[in-house]
1. Once the Cα atoms of helix 220-233 and of the chain are each reduced to a long axis, what angle between those two axes, in degrees from 0 to 90 to the nearest 10, is obtained?
2. Can you give the charge dipole size of the chain about its Cα centre, rounded to the nearest 20 debye, using +1 on the beta carbon of Lys and Arg and -1 on the beta carbon of Asp and Glu?
3. So what's the projected area for the range 229-322, the Cα convex hull averaged over all directions, in nm²?
4. Work out Dmax and Rg for the range 261-402 from the C-alpha atoms and quote the Rg first, both in angstrom.
5. Set Lys and Arg Cβ to +1 and Asp and Glu Cβ to -1, take the dipole of the chain about its Cα centre, and tell me which of 322, 276, 425 lies farthest positive.
6. Contact order normalised by length for the range 328-444, with contacts defined as Cα pairs under 8 Å and 6 or more residues apart; what percent is it?
7. Starting from the range 48-130, pick out the chymotrypsin sites (Phe, Trp or Tyr not before Pro) whose DSSP state is loop and whose Cβ has at most 15 other Cβ atoms within 10 Å.
8. Can you bin the range 448-489 into rounded, prolate or oblate? Criterion: square roots of the alpha carbon gyration tensor eigenvalues sorted a ≥ b ≥ c, rounded for a/c under 1.5, prolate for a/b above b/c, oblate for the rest.
Amino acid sequence: MNRANRLLVRGGQVYDHDGDVHKPPVADILIEDGDIVAVGRDLKVAGERQVIDAAGRLVVPGLINAHYHSHDTLCRGLFEELPLEMWLLYTLPMGQNRSPEEVRARTLVGALESLHCGITTVQDMLGLVPLDDRNTDVVIAAYRDIGIRVVFSPMVWDVPAIAMVRDQDSLPADVQEMLGASGRPVQDQLDYLELQFRRHPAGGTLHWAIAPFAPQRCTPKMLAGCADLAARHDLTVYTHVYETRGQALIAREKFAHHGGSLINYLDSAGLLGPRLNIVHSVWIARPEMDRLAAADAGIVLNHLSNMKLKSGIAPVCDLRESGVRLGLGCDNCSGSDVQSMFQAMKLFCLIAAVSEPEPGPALAHEVLRHATLGNARTAGLAGRLGAIRPGHKADLVLIDLSDVAYLPYNSAARQLVYSEAGRGVETVIVDGRVVLANRKATTIDEDALRREVADLMRHFIADYERVAAERKRALPYMLDAHRRMWECDLDMNRFVGRTRGKPAR
Ligand SMILES: [Zn+2]
């Protein structure tokens, strides 16, 4: 084994979910071929290895972002707060039919920001248009080059985006077309996925998942095809469910034959089970949470985008009480507009705290579990990611405890969640490879990427201005549909279907 494959992280305070989460003890971490092989005090190791001095550093498991889309990173900062459906008018077209140079740059930008924020794995639910080999190769090469771990799931759907707007028929035909009014063939997309799994087999820092866009954007045939692919390739599934109030109304109105529940609809297609992760769940009913918990399905929360896009606030207290497994994400770069699990974790705790007047169980170390172990579970990587233990992948973050966020230093868990803004992230290791050292990427030239993005943005902004001018006409119609949606009653208590007969809560 050569020196490059062996790494010793010496003398850091090593965070253990089951240990002292406030003052983790000092320990060494021995890494071989990308795996943690030993953790302990004053490890005696023979042979050559690279040594990282972690004195004065807190060593934490790499954070995992369980919901992200790399297709709109270049739209960061373009929008004020907007209802989701109106925001889609702009952000969807700006992610489509872009040059390979732009696809590579946008992938690197999101990955670079993630590494600087201590994120070692992103779940990229990518809206790739066109869905082809060339685009796929560009994205996978960019992730390999920068060295972040990716759970990659190009989105599939066969019902157009306009299906996300309640009362879509009230919109003029050209406005419907702006959001996208034509479908895509089911089998082509399933064949595309299967081909990519063969062209780029999972391994190292590449993992695959299946992402039907959302139940209301997929026919039963598409959902059943996704369930079949997931079972045959042993993959997990992510899909957007109940992000907005309008989507819950669409469930009641258009999925009445499934008891008005998108969870029933997913179940009927064979998707409700341990592989399933539903993303958002802002407008989920309590009996549906219980069904997900019983099925060992998970929920990935995205408070940052849910608030900025006016979708609402997920019912954190009910979700915690239901026992459903939880994960966290940062969502689109133009809908939150940041890839920071520190912000996502803090918001989770603040919303949980303010939702109940009485003091509850400690939140900081719980949310650290969601952002690591919980998010690893969403990708089917429990036992491999999310903790600093022998047998786990060596995905680690070294936090500089001399940062003012730790002055004074009273609790690792609380200060990571409530005080850390990302400034403390000094060194990042993914799969045993140092990818960020002294707060700089070791794998790519950050300054060259800055220059390249500046160059690409001239063309990108010209395109954006054209799109924005063309779509202005749609705004009054979309706003009207949005207002009607908010005026309409939504029954969140009495629930029919599989849960019929159980008392409503
Ligand atoms: Zn999303």
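1. Tilt of helix 220-233: around 20 degrees.
2. Numbers: 57 positive and 63 negative charges, 139 e Å.
So the dipole magnitude of the chain works out to roughly 660 debye.
3. Details: hull surface 24.0 nm².
Dividing the Cα hull surface by four gives the mean projection, 6.0 nm².
4. Cα-based Rg and Dmax for the range 261-402 come out at 15.6, 54 Å.
5. It is 322.
6. Details: 136 pairs, mean separation 24.4, N = 117.
The value is 21 percent.
7. On the way: sites: 68, 79, 87, 90; in loops: 79.
Those that pass, being in a loop and sparsely packed, number zero.
8. Working: a/c = 9.76, a/b = 2.70, b/c = 3.62.
Judged from the Cα gyration tensor, the range 448-489 comes out oblate (a/c at least 1.5, b/c at or above a/b).
Computed from the coordinates by the stated procedures, all read-outs in this text should not be read as laboratory data. Just so it is clear, the model here is predicted, and its values are computed rather than measured. Here the Cβ is made from the backbone with ideal geometry for all residues, glycine too, and neighbour counts use every protein chain on show.
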